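Engineer: Would you mind keeping the following structure in view while I ask a few things?
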Amino acid sequence: MSEPIASPTASDINVIDHILARVLNGDDISTADALRLLTQTAPDIIERIRFTADRLRQIQVGDTVTYVINRNINFTNICEQHCSFCAFRRDEGAEGAFWLSTEEILAKAADAVALSATEICMQGGLHPGAKINGRSLTYYLELVIAIKTTFPQLHLHAFSPQEIEFIARQDGLNYADVILALQQAGVGSMPGTAAEVLDDKVRRVICPEKIDSATWIEIVTTAHRLGMPTTSTMLAGHIETPSQQIAHLEQLKQIQQQAIAARSPARITEFIVLPFVGQSAPAPLRSRVGRDQPLLADNLLLTAVARIFLGSYIPNHQPSWVKLGLEGAKTALRWGCNDLGGTLMEEHITTMAGAEGGTNQTVADLQGAIEAINRNYHQRSTLYELI
């Protein structure tokens with residue numbers, strides 16, 4: 001039987017109200033303040049936090065909810081790594097392993113263009129055999145050039161910091177060389193995935209073969225310096241603590257502050273909470289977490305605190321309808337989010353982990369969800385220009 005939630009004292013309420021009043025006054029809050037907000041359990045205080053996040057969203061970006069028409073392409077699930085939350089990866093030759101040809105990728109891009117897509121989001125497993133003339137970078141460049149030559153109007157949002165490190169390691173290059181080559185070939189922005197939680201104690205458990213926090217940060221800041229925008233994410237709701245969640249947000253804030261101070265036009269364009277889905281994930285982590293699907297209440301509170309803590313620096317916040325379902329994502333629009341993401345058209349990584357949100361949404365689906373909460377909608381580009 002769970003313990004009853006203790007009612008907050010008048011002193012508790014005063015402290016929270018003081019923090020929230022400062023936020024609405026335009027002040028930054030400390031990580032200690034953010035952690036205090038994130039660890040609240042009383043429903044009336046949580047509602048105060050939700051209201052503040054929603055009001056900040058309105059002040060910072062307005063009432064219009066945006067979305068992008070895009071297609072997700074995972075070009076291979078063959079991967080050298082064995083992350084404990086991943087049900088997507090396969091060994092080469094194993095049942096279910098795939099590696100799309102360039103022709104198959106172009107066919108998917110053509111389908112996306114026919115549905116008015118403006119973006120291709122492309123990521124894949126770390127396949128050691130993905131080389132041309134013994135070079136990994138050449139293989140990746142050929143993919144980019146094929147898409148951009150055939151469909152120059154598409155924005156290519158591609159290759160996470162982990163993939164940049166993989167290419168550089170395979171070919172003995174530095175990160176800047178890889179990013180510049182991909183950028184010159186036509187990559188327009190970098191997904192901020194592979195961040196998971198930027199805490200190496202957590203990473204050594206859930207993804208010990210992945211890049212460490214410092215490397216993820218180095219690659220993202222290098223991308224900004226070279227003029228390539230990125231997104232940012234957090235894989236939440238597994239073994240990490242609230243303190244580690246806030247420390248992750250602090251790292252993202254510092255990255256963005258650095259880009260702002262450098263007057264770089266390339267910055268973090270959005271933040272997305274990616275709640276852990278464990279239904280088909282490898283057993284050890286699934287057993288340790290003890291549940292298969294995300295806890296919506298936890299995700300919503302983290303969403304609100306992220307808006308409060310990051311919003312003045314990273315104004316666009318997006319829920320994951322793949323992980324939360326469209327109804328859960330629609331609810332998150334009242335907790336500080338202003339964007340509903342993309343149509344995706346196909347999604348494999350989260351779906352193979354057991355997510356129940358589906359693999360695609362139509363434009364009408366996204367517009368209907370936004371209308372259901374009495375907000376206006378508007379199509380956007382990858383970089384949040386209104387279309």
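Engineer: Can you give me the number of residues within region 10-59 that are outside any helix (DSSP H, G or I), out of contact with any Leu (no Cβ under 9 Å at 6 or more places or on another chain) and under 18 Å from residue 312 (Cβ atoms)?
Structural biologist: Residues flagged as outside any helix (DSSP H, G or I), out of contact with any Leu (no Cβ under 9 Å at 6 or more places or on another chain) and under 18 Å from residue 312 (Cβ atoms) within region 10-59 amount to 5.
Engineer: Yes or no: region 115-125 includes at least one residue that is within 26 Å of residue 82 (Cα to Cα), in contact with a Cys (Cβ under 7 Å, 6 or more places away or on another chain) and at pLDDT below 95.
Structural biologist: yes
Engineer: Residue 71 passes all but one of (1) within 30 Å of residue 330 (Cβ to Cβ); (2) charged (D, E, K, R); (3) in a helix (DSSP H, G or I); which number fails?
Structural biologist: (3)
Engineer: I would also like to ask the following. Condition first: at pLDDT below 95 and basic (Lys, Arg). Can you find one or more residues in region 373-383 that meet it?
Structural biologist: no
Engineer: Got a sec? Which of 292, 212 is modelled with pLDDT under 95 and surrounded by fewer than 19 Cβ atoms within 10 Å (Cβ to Cβ)?
Structural biologist: Within the list 292, 212, the selection yields 292.
Engineer: Could I ask something else about it? Hey, which of the strands (runs of 3 or more DSSP E) in region 140-257, taking only ones fully inside, have at least 2 residues that are closer than 24 Å to residue 324 by Cα and of a type outside the set (S, T, N, Q)?
Structural biologist: Working: elements: 155-158, 187-189, 230-236.
It comes to 155-158, 230-236.
Engineer: Within region 177-192, how many residues turn out to be out of contact with any Lys or Arg (no Cβ under 8 Å at 6 or more places or on another chain) and either among the aliphatic types (A, V, I, L, M) or modelled with pLDDT under 95 (or both)? Full working, then the answer.
Structural biologist: Going through region 177-192, the residues out of contact with any Lys or Arg (no Cβ under 8 Å at 6 or more places or on another chain) turn out to be 177-184, 187-192.
Of the ones still in play, those that are also either among the aliphatic types (A, V, I, L, M) or modelled with pLDDT under 95 (or both) are 178-182, 187, 190.
So the answer is 7.
Engineer: For region 46-64, check the following and say yes or no: at least one residue is in contact (Cβ under 8 Å) with a residue 60 or more places away in the chain, hydrophobic (A, V, I, L, M, F, W, C) and closer than 30 Å to residue 153 by Cβ.
Structural biologist: Of region 46-64, the ones in contact (Cβ under 8 Å) with a residue 60 or more places away in the chain are 46, 49-50, 52-54, 56-57, 60-64.
Now narrow it down to the ones that are hydrophobic (A, V, I, L, M, F, W, C): 46, 49, 53, 56, 61.
Retained after the next criterion (residues that are closer than 30 Å to residue 153 by Cβ): 61.
Yes.
Engineer: Which pairs have Cβ atoms under 9 Å, sit 6 or more apart or on different chains, and link a residue in region 94-121 that is more than 14 Å from residue 146 (Cβ to Cβ) to one that is surrounded by fewer than 14 Cβ atoms within 10 Å (Cβ to Cβ) and aliphatic (A, V, I, L, M)?
Structural biologist: 118/387
Engineer: Tally time: how many residues in region 168-199 are within 22 Å of residue 258 (Cα to Cα) and under 20 Å from the mean Cα position of the chain (by Cα)?
Structural biologist: Total meeting the criteria: 13.
Engineer: Within region 80-112, can you find the residues that are crowded, with 16+ Cβ neighbours inside 10 Å and over 24 Å from residue 169 (Cβ atoms)? Before the answer, list the steps.
Structural biologist: Step one: list which residues in region 80-112 are crowded, with 16+ Cβ neighbours inside 10 Å, which gives 83-90, 97, 99-100, 105-106, 108-109, 112.
Those that are crowded, with 16+ Cβ neighbours inside 10 Å and over 24 Å from residue 169 (Cβ atoms): 87, 106, 108, 109, 112.
Residue by residue, here is whether (1) surrounded by 13 or more Cβ atoms within 10 Å (Cβ to Cβ); (2) of a type in the set (Lys, Arg); (3) at pLDDT below 95 holds:
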residue: 20; (1), (2), (3): yes, no, no
residue: 26; (1), (2), (3): no, no, yes
residue: 32; (1), (2), (3): no, no, no
residue: 37; (1), (2), (3): yes, no, no
residue: 49; (1), (2), (3): yes, no, no
residue: 52; (1), (2), (3): yes, no, no
residue: 56; (1), (2), (3): yes, no, no
residue: 66; (1), (2), (3): yes, no, no
residue: 69; (1), (2), (3): yes, no, no
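Engineer: In addition: Take the conditions touching a Lys or Arg at 6+ places or on another chain (Cβ under 8 Å) and either closer than 27 Å to residue 298 by Cβ or aliphatic (A, V, I, L, M) (or both) and apply them to residue 83. Does it pass?
Structural biologist: Against the criterion (touching a Lys or Arg at 6+ places or on another chain (Cβ under 8 Å) and either closer than 27 Å to residue 298 by Cβ or aliphatic (A, V, I, L, M) (or both)), residue 83 qualifies.
Engineer: Please enumerate the residues belonging to region 154-194 that are of a type in the set (Val, Ile, Thr) and either surrounded by fewer than 21 Cβ atoms within 10 Å (Cβ to Cβ) or touching a strand residue (DSSP E or B) at 6+ places or on another chain (Cβ under 8 Å) (or both).
Structural biologist: First, pick out the residues of region 154-194 that are of a type in the set (Val, Ile, Thr): 164, 167, 178-179, 187, 193.
Passing the criteria: 164, 179, 187, 193.
Engineer: Let me confirm something: among 60, 81, which residue is under 30 Å from residue 23 (Cα atoms), within 23 Å of the chain's Cα centre (by Cα) and not hydroxyl-bearing (Ser, Thr, Tyr)? Can you show your working first?
Structural biologist: Numbers: 81 fails: under 30 Å from residue 23 (Cα atoms).
Going through 60, 81 in turn, just one is under 30 Å from residue 23 (Cα atoms), within 23 Å of the chain's Cα centre (by Cα) and not hydroxyl-bearing (Ser, Thr, Tyr): 60.
The values are calculated or read from the model by the stated rules, or taken from the named source; none is laboratory data. Because the structure is predicted, anything quoted here is derived from the model rather than measured. Neighbour counts are summed over all protein chains in view; Cβ atoms, including those assigned to glycine, are modelled from backbone coordinates with ideal geometry.
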